[in-house]
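Okay, structure first, notes after.
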Amino acid sequence: MAKILLVVFADSGQLNPALAVAQHLERADHEVAIYSFQEDVSQRCARAGLRAQCFSSGVVALSAAKQEPQRSLKFAGRLRQRGWVARWMRAVLVDQVPAQIEELRRVVRAIQPDLIAVNAMAYAGAIVAELEQIPWASLATGLQSLPPRDGTPSPYTDIAPLRHEMVASLGAKLSFRESDLVSPWLNVSFMLRELMPPDAPTDTVYVGPALPLGARGDERPFPFERIPADRPLVYVAFGSLVSHPPAIYEAIIAALSNQEACFVVAMKDLIGETFTRAFPDHVIAAEWVPQLELLPRASLMVNHGGANSVLEAISSGVPIVVIPVTQEQVLMGTLVEEARVGVMVQPADVSTERCRELFTRLLADDAPERGNVSRMRQLDRGGGAQASALLARLAAQYPRSAR
């Protein structure tokens, strides 16, 4: 059996697909190790039922400040500022990378993997693989490999020359597409091919959403008994890192009455804010919501256009309303509309009246989006199983014993 090292980021949007792949690899009796460029993920992996040996780096990347009040709201505001995004991208994708190399290289030499599977933005993983002459695969969790379609400048244009110089200074040679690593060995995306534009890269295998075999290690108690069975459930969640301003939440929950729907709203760090305590009785607000368990009960999901949220909604046959924060999420909203599985509303256009119009239409049994998302759901090919099989096949072709 193969020994495979997964190089990941610890925030949920990046980590969740990797954990599903790890579960499938271990089910097939492969040996898995996990290296995180953020905090230690060993407890999360153990709760997900993994036996994997876990390592972590002290170099923080791809995360909002943990202790900042209203951090998700402030982080979303910063992501709308092109200058701040450029500085952040340079810090995460260029400046921090050299400091990540030595420790990761030590771990790789210690465990001697057959293959390294790296998050498509975990550049240090690919650099170390090249330096140690180990085959490596790129795992993309979103749309970062696609350029903007609205003519706006790519946020990765400014860092490209600096990134090239950084990689060369470390003795490696890598290829990129926008933010994403392009591996000469294997490129995997957890997107559904049917959701991607016609000009999507052809050197990538689109395996679809990677859902866990069981627990994924972040479960907490939730009051499911409070959800009424006699009306539609509208689930509102804007990912693990960002939040919209209070007025967005207020417009959403005012769109339908207690007799028309029940809302479940994931609030993250905003759960204690004054405006959440004024939510009406037909709104269940929680810091955290077990999304995979809740979605099969939902009739509609309102999200930010994050890849996991969109794909998990589709996997449950749930139409989507996208209210984006970042440029990539605008692209996701556009793809959702083009696939006719939901609609996108820009934050500036969100109002109670607009939400009521959209919710009423999308909750109707004969809404075209409901039929379309049901058909797309049937195209889910089991991304976790597919990705793990591709990784195992590549590792078998180039075992460490033959190097």
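In segment 173-190, the residues that are within 13 Å of residue 125 (Cβ to Cβ) form Cβ pairs under 7 Å with partners that are at pLDDT below 95 and assigned to a loop (DSSP other than H, G, I, E, B), at six or more places apart or across chains, as follows: 180/144; 180/145.
Yes or no: residue 255 aliphatic (A, V, I, L, M) and in contact with a Lys or Arg (Cβ under 8 Å, 6 or more places away or on another chain)?
yes
Scanning segment 219-235 for residues that are outside any helix (DSSP H, G or I) and of a type in the set (Phe, Trp, Tyr) turns up 222, 235. When residue 322 is tested against (1) surrounded by fewer than 19 Cβ atoms within 10 Å (Cβ to Cβ); (2) free of Cβ contacts under 8 Å to residues at least 24 places away in the same chain; (3) under 20 Å from residue 246 (Cα atoms); (4) in contact with a strand residue (DSSP E or B) (Cβ under 8 Å, 6 or more places away or on another chain), just one condition goes unmet, and that condition is (1).
When you scan segment 64-74, how many residues do you find that are at pLDDT below 85 and among the basic types (Lys, Arg)? Residues meeting the conditions: 1.
Per-residue answers, yes or no, for (1) touching a residue at least 12 places away in the same chain (Cβ under 8 Å); (2) closer than 30 Å to residue 333 by Cβ; (3) under 21 Å from the mean Cα position of the chain (by Cα):
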site: 92; (1), (2), (3): yes, yes, yes
site: 108; (1), (2), (3): yes, no, no
site: 116; (1), (2), (3): yes, no, yes
site: 134; (1), (2), (3): yes, no, no
site: 147; (1), (2), (3): yes, yes, yes
site: 154; (1), (2), (3): yes, yes, yes
site: 166; (1), (2), (3): yes, no, no
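Would you call residue 278 at pLDDT below 95, surrounded by fewer than 17 Cβ atoms within 10 Å (Cβ to Cβ), outside the structural domain of residue 78 (by TED's automatic domain parsing) and not charged (D, E, K, R)? Here the answer is yes, as residue 278 does meet what is asked.
This table checks each residue for (1) surrounded by 22 or more Cβ atoms within 10 Å (Cβ to Cβ); (2) outside the structural domain of residue 245 (by TED's automatic domain parsing); (3) aliphatic (A, V, I, L, M).
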{"residue": "301", "(1), (2), (3)": "yes, no, yes"}
{"residue": "305", "(1), (2), (3)": "yes, no, no"}
{"residue": "314", "(1), (2), (3)": "yes, no, yes"}
{"residue": "339", "(1), (2), (3)": "no, no, yes"}
{"residue": "351", "(1), (2), (3)": "no, no, no"}
{"residue": "364", "(1), (2), (3)": "no, no, yes"}
{"residue": "386", "(1), (2), (3)": "no, yes, no"}
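Only residues that are within 15 Å of residue 398 (Cβ to Cβ) and not polar (S, T, N, Q): list them for segment 109-152, please.
Residues satisfying the conditions are 113, 114, 115, 116, 117, 129, 130, 132, 134, 135, 136, 137.
Screening segment 272-391 for helices (runs of 4 or more DSSP H) wholly inside it with 3 or more residues that are not aliphatic (A, V, I, L, M) returns the ranges 274-277, 307-315, 327-338, 352-363, 368-377. Scanning segment 195-226 for residues that are of a type in the set (Asp, Glu), surrounded by fewer than 16 Cβ atoms within 10 Å (Cβ to Cβ) and farther than 24 Å from residue 332 by Cα turns up 219, 225.
All told, residue 334 falls short of being in the same structural domain as residue 265 (by TED's automatic domain parsing), under 22 Å from residue 148 (Cβ atoms) and modelled with pLDDT under 95. When each of 266, 286 is tested for being out of contact with any helix residue (DSSP H, G or I) (no Cβ under 7 Å at 6 or more places or on another chain), within 26 Å of residue 218 (Cα to Cα) and surrounded by 22 or more Cβ atoms within 10 Å (Cβ to Cβ), the lone residue that passes is 266.
Going through (1) part of a loop (DSSP other than H, G, I, E, B); (2) more than 23 Å from residue 386 (Cβ to Cβ); (3) in contact with a strand residue (DSSP E or B) (Cβ under 6 Å, 6 or more places away or on another chain) one by one, residue 191 falls short only on (2). Looking only at residues in segment 221-274 that are within 26 Å of the chain's Cα centre (by Cα) and polar (S, T, N, Q), the one that is modelled with the highest pLDDT is 243.
Of a type outside the set (S, T, N, Q), under 18 Å from residue 372 (Cα atoms) and not assigned by TED's automatic domain parsing to the domain that holds residue 193 - does that describe any residue in segment 255-275? No: zero hits. Checked against (1) at pLDDT 95 or above; (2) in a helix (DSSP H, G or I); (3) small (Gly, Ala, Ser), residue 77 passes all but condition (1).
So that you can scan it fast, the table gives a plain yes or no per residue for (1) in a loop (DSSP other than H, G, I, E, B); (2) in contact with a strand residue (DSSP E or B) (Cβ under 6 Å, 6 or more places away or on another chain); (3) closer than 21 Å to residue 308 by Cα:
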position: 116; (1), (2), (3): no, yes, no
position: 124; (1), (2), (3): no, no, no
position: 127; (1), (2), (3): no, no, no
position: 133; (1), (2), (3): yes, no, no
position: 139; (1), (2), (3): no, yes, yes
position: 143; (1), (2), (3): yes, no, yes
position: 146; (1), (2), (3): yes, no, yes
position: 151; (1), (2), (3): yes, no, no
position: 161; (1), (2), (3): no, no, no
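The values are calculated or read from the model by the stated rules, or taken from the named source; none is laboratory data. What you are looking at is a predicted structure, and each value in this text was computed from that prediction instead of being measured. Every residue, glycine among them, receives a Cβ derived from its backbone with ideal geometry; neighbour counts consider all protein chains shown.
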